[in-house]
1. Can you tell me which residues in the stretch 74-100 are open to solvent by less than 20 Å² (accessible area, probe 1.4 Å), at pLDDT 90 or above and either among the β-branched types (Val, Ile, Thr) or touching a helix residue (DSSP H, G or I) at 6+ places or on another chain (Cβ under 7 Å) (or both)?
2. May I ask you to say which residue of 168, 186 is more than 17 Å from residue 47 (Cβ to Cβ) and small (Gly, Ala, Ser)?
3. Exactly one of (1) open to solvent by less than 70 Å² (accessible area, probe 1.4 Å); (2) part of a helix (DSSP H, G or I); (3) more than 30 Å from residue 122 (Cβ to Cβ) is unmet by residue 170. Its number?
4. Identify all residues within the stretch 189-205 that are of a type outside the set (Ser, Thr, Tyr), at pLDDT 55 or above and in contact with a helix residue (DSSP H, G or I) (Cβ under 9 Å, 6 or more places away or on another chain); write none if there are none.
5. Just checking, which of 125, 130, 109, 103 is of a type in the set (Gly, Ala, Ser), part of a loop (DSSP other than H, G, I, E, B) and more than 10 Å from the chain's Cα centre (by Cα)?
6. For residue 137, only one of the following conditions fails: (1) open to solvent by less than 80 Å² (accessible area, probe 1.4 Å); (2) assigned to a loop (DSSP other than H, G, I, E, B). What is its number?
Amino acid sequence: EVSRINKILGAVYRPLHGLSKAMKVIANPASYATNLLGAQVATLASGNFNLLGKDALQGVRASFDEFGSMTGPASGWVGRQVSKLGRLGLDDEGIEALRKDIGTMQRLGLMNKDVSVGDTMRSLGAGSIGRKLQSTLEPLSKAYQVTDNAYRYVVWKSNTNKLKKMFSRPDGMDLGKYNDEIEQASAFLTNDTYQNYNKISKVIRDLSAK
């Protein structure tokens, strides 16, 4: 009986504890400025000084497109509108280039890796209450990660250009294979030097969720 009570309390306490954390992070307007500053500092530390260039804009567009993956009557509709906003002003060629970049970033694990969001959403737990809260808070989690995704894109593109200058395509290597290998190496370098939730020790992640 005691075990059952503890289980029920745990199922309720953890999501509420995670919700209180969410109120201080993804639901706190002031934290967005801090997140933006952190992303810019990480970008500058990687040797990228153009914080308002075309790559930053493309990164924002890619982040907006991520809203389109949200589900639910309200969040789904909002997500589709924000996703359309990300493609505003682009012609067919531009949209195709954006989709290619998004697909590559997702494949290489460059999207939605913000430490604070990863920790906050995980702290809600995997129970029915936690899943419901995660679904409710998804629009905020997407919004919070816009600047992180955008500047991660900037760093990735910069690293790609640097690696291409350092390592020219070997004779006989297919151009597609060369570009793919450069992009993979650039993604590894980016995720290894930019803040990344998956890089945090599992022990620390587990302690943070309690």
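1. Result: 83, 86, 98.
2. After ruling out the rest, the residue left standing is 168.
3. Of everything listed in (1) open to solvent by less than 70 Å² (accessible area, probe 1.4 Å); (2) part of a helix (DSSP H, G or I); (3) more than 30 Å from residue 122 (Cβ to Cβ), residue 170 misses just condition (2).
4. The first filter runs over the stretch 189-205 and keeps only residues of a type outside the set (Ser, Thr, Tyr), leaving 189, 191-192, 195-196, 198-200, 202-205.
Narrowing the set further to residues that are at pLDDT 55 or above leaves 189, 191-192, 195-196, 202.
Within the stretch 189-205, 189, 191, 192, 195, 196 meet the criteria.
5. Values: 130 fails: part of a loop (DSSP other than H, G, I, E, B); 109 fails: more than 10 Å from the chain's Cα centre (by Cα); 103 fails: part of a loop (DSSP other than H, G, I, E, B).
So the residue among 125, 130, 109, 103 that is of a type in the set (Gly, Ala, Ser), part of a loop (DSSP other than H, G, I, E, B) and more than 10 Å from the chain's Cα centre (by Cα) is 125.
6. Just one mismatch for residue 137, condition (2).
The values are calculated or read from the model by the stated rules, or taken from the named source; none is laboratory data. Just so it is clear, the model here is predicted, and its values are computed rather than measured. So basically every Cβ, Gly included, is an ideal-geometry build from the backbone, and we count neighbours across all protein chains shown. Calculation scope for accessible area: heavy atoms of the full protein, side chains included, ligands and nucleic acids excluded. Shrake-Rupley method; radii C 1.70, N 1.55, O 1.52, S 1.80 Å.
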